[in-house]
Amino acid sequence: MVALMLGVFYYEYSEFLHRFHSSLRIESNSFYRNEISSQVQMHTLLFKVVHDLEEATSLICFFFLCSQMTAMYYTLAAFMNPPGGWLSVPQICEIAVVLALDPLSVIGIIACSSRINKEYQKCLKAITLLKGRLVMQQSSDREHILQYLAVMQEKQFPTLSAYGVVELNSKFVLGIFGSLFTYSLLILNLKK
């Protein structure tokens, strides 16, 4: 349930960024001070919301990831070195469910949160292209519009993290599976 909630929050916010990016591309043909001003206001709101989202979900995400990792390590240890030397059918079913769903929930959260950074990078690229196109045009509002675009470029969106301990990106997924693989090899060596 927690994974679903976090995934929905991250995905929906990334959709807002995607829509903002689309509006930047649409308005790239015309440069009007009022339109750019409304885009700056929207960018400021998105900037505030991403920081609020980071603050609200960071600790929850940290505890969720800790519990999922602990469950995966424990389940892997129970599977590779079962107490009593054998596993019953219910234990096998439980282990299969945990080993199938825990990594998927972690990957889902990380995929949704990394989509935010991807959409933000697209927005930065669109703003840079807008600035480049505006420099080539002659407009009475050119200096004001360039200032607005510079303000949007200066605001850095955070990369979402789990309480500042680890950034939620694809490198973290590779690290999880690498550590699970190493842990399983350790258990196999201890078993011998």
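Throughout, read-outs are computed from the coordinates displayed, never taken from laboratory work. Given the structure is predicted, the values throughout are model-derived calculations rather than measurements. In this analysis, Cβ positions are derived from the backbone assuming ideal geometry, glycine residues included, and neighbour counts consider all displayed protein chains.
Nearest 10 degrees is fine. How inclined is helix 33-80 to the longest principal axis of the chain, computing both from alpha carbons?
10
State, to one decimal in nm, how far the label point of residue 69 lies from the label point of residue 37, with both points 7 Å from Cα in the Cβ direction.
With each label placed 7 Å out from Cα toward Cβ, I get 4.9 nm.
Using θ = phi - 60° and the Karplus form 6.51 cos²θ - 1.76 cosθ + 1.60, what ³J(HN,Hα) does each residue of the range 180-192 get, whole Hz, x for Gly and Pro?
Karplus-based 3J(HN,Hα) across the range 180-192 equals 5, 5, 5, 5, 5, 5, 4, 5, 4, 5, 5, 5, 6 Hz.
What list of ³J(HN,Hα) values in whole Hz, one per residue of the range 6-22 in order, does the Karplus curve 6.51 cos²θ - 1.76 cosθ + 1.60 (θ = phi - 60°) give from phi, with Gly and Pro shown as x?
Coupling constants for the range 6-22: 5, x, 5, 4, 5, 5, 5, 5, 5, 5, 4, 5, 4, 5, 4, 4, 5 Hz.
Shape of the chain from its Cα gyration tensor (a ≥ b ≥ c, root eigenvalues): rounded if a/c is under 1.5, otherwise prolate when a/b > b/c, or oblate? Can you show the working numbers first?
Working: a/c = 3.91, a/b = 3.38, b/c = 1.16.
Because a/c hits 1.5 or more and a/b exceeds b/c, the chain counts as prolate.
Mind pulling the angle between the C-alpha long axis of helix 89-136 and the longest principal axis of the chain? Nearest 10 degrees, somewhere in 0 to 90.
Taking the Cα atoms of the chain, the angle to 89-136 is about 20 degrees.
Excluding same-chain residues fewer than 8 positions from residue 122, which lysines have a Cα within less than 27 Å of its Cα?
Answer for residue 122, where 27 Å is the Cα cut-off: 48, 131, 155, 171, listed by chain and number.
Per-residue HN-Hα couplings for the range 153-165, Karplus 6.51 cos²θ - 1.76 cosθ + 1.60 at θ = phi - 60°, whole Hz, x for Gly and Pro?
Rounded to whole hertz, the list is 5, 5, 6, 9, 7, x, 7, 4, 9, 9, 6, x, 7.
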